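Q: I am attaching a structure below and will ask some questions about it afterwards.
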Amino acid sequence: MNTASLVPLGVLEEQILLAVLRTGDEAFGMAVRREIKRVTGRDLAIGAVYSTLDRLEAKGALVSRRIVEGGVSRRRFAVARAGARALADTRAMRERLWNGVELKWSGAG
C-alpha cells in the first residue's frame, strides 16, 4: 500500500495508531480509548474511536482480528506496516516543521 494517502495523519488518527501500539495485545476499542484519555486527557466518545479505527483499517494502516473470550467477541487491532510508515513520516514531518521554531510570546494574554 502506498502511504502517501495516509500522510500527514490527522491528530486523532495519529493518537489512535499510537494508542494501539501502546496497548499492544490489549488493543481493543475501549482500551485504546482509555489509553488516549490516560495519556492526553482527551475524553473521546467510543463511537469516534471505532469510526477512526475502522477508517484506518480501510486505509490499510491497521489490521484487526476477531477474538472470542468468555463468549464475548471483540476485535483486536494492530498497526500494519503502512500505519507504522505513516506514523514515522508524520513524526518526521512534524519535527521538520518544528526545527528552528522558537516560540515567542507577545505581551498580550
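The values are calculated or read from the model by the stated rules, or taken from the named source; none is laboratory data. What you are looking at is a predicted structure, and each value in this text was computed from that prediction instead of being measured. Ideal geometry is used to build each Cβ from the backbone, glycine not excepted, and the neighbour counts take in all protein chains shown.
Q: How many residues are of a type outside the set (Val, Ile, Thr) and under 17 Å from residue 87 (Cβ atoms) when one looks only at region 16-57?
A: Taking region 16-57 first, the residues of a type outside the set (Val, Ile, Thr) are 17-19, 21-22, 24-31, 33-35, 37-38, 41-45, 47-48, 50-51, 53-57.
Within this subset, residues satisfying the condition of being under 17 Å from residue 87 (Cβ atoms) are 17-19, 21-22, 24, 27, 35, 53, 55-57.
Qualifying residue count for the region: 12.
Q: Between a residue in region 62-87 that is farther than 12 Å from residue 16 by Cβ and in contact (Cβ under 8 Å) with a residue 60 or more places away in the chain and any residue that is of a type in the set (D, E, K, R) and in a strand (DSSP E or B), which pairs come within a Cβ distance under 6 Å, given they are 6 or more apart or on different chains?
A: none
Q: Let me ask another. I'd like to verify a number: residues in region 31-52 that are in contact with a helix residue (DSSP H, G or I) (Cβ under 7 Å, 6 or more places away or on another chain) and not charged (D, E, K, R), how many?
A: Quick first cut of region 31-52, residues in contact with a helix residue (DSSP H, G or I) (Cβ under 7 Å, 6 or more places away or on another chain) only: 31-33, 35-36, 40, 42-44, 46, 49-50, 52.
Checking which are not charged (D, E, K, R) leaves us with 31-32, 36, 40, 44, 46, 49-50, 52.
Going through region 31-52 one residue at a time, the tally reaches 9.
Q: Within region 46-90, restricting attention to residues that are acidic (Asp, Glu) and more than 16 Å from residue 32 (Cβ to Cβ), which residue is modelled with the lowest pLDDT?
A: Here is the first cut: in region 46-90, the residues acidic (Asp, Glu) are 54, 57, 69, 89.
Those still in the list that are more than 16 Å from residue 32 (Cβ to Cβ) too: 69, 89.
Numbers: 69: 89, 89: 95.
In this case the residue turns out to be 69.
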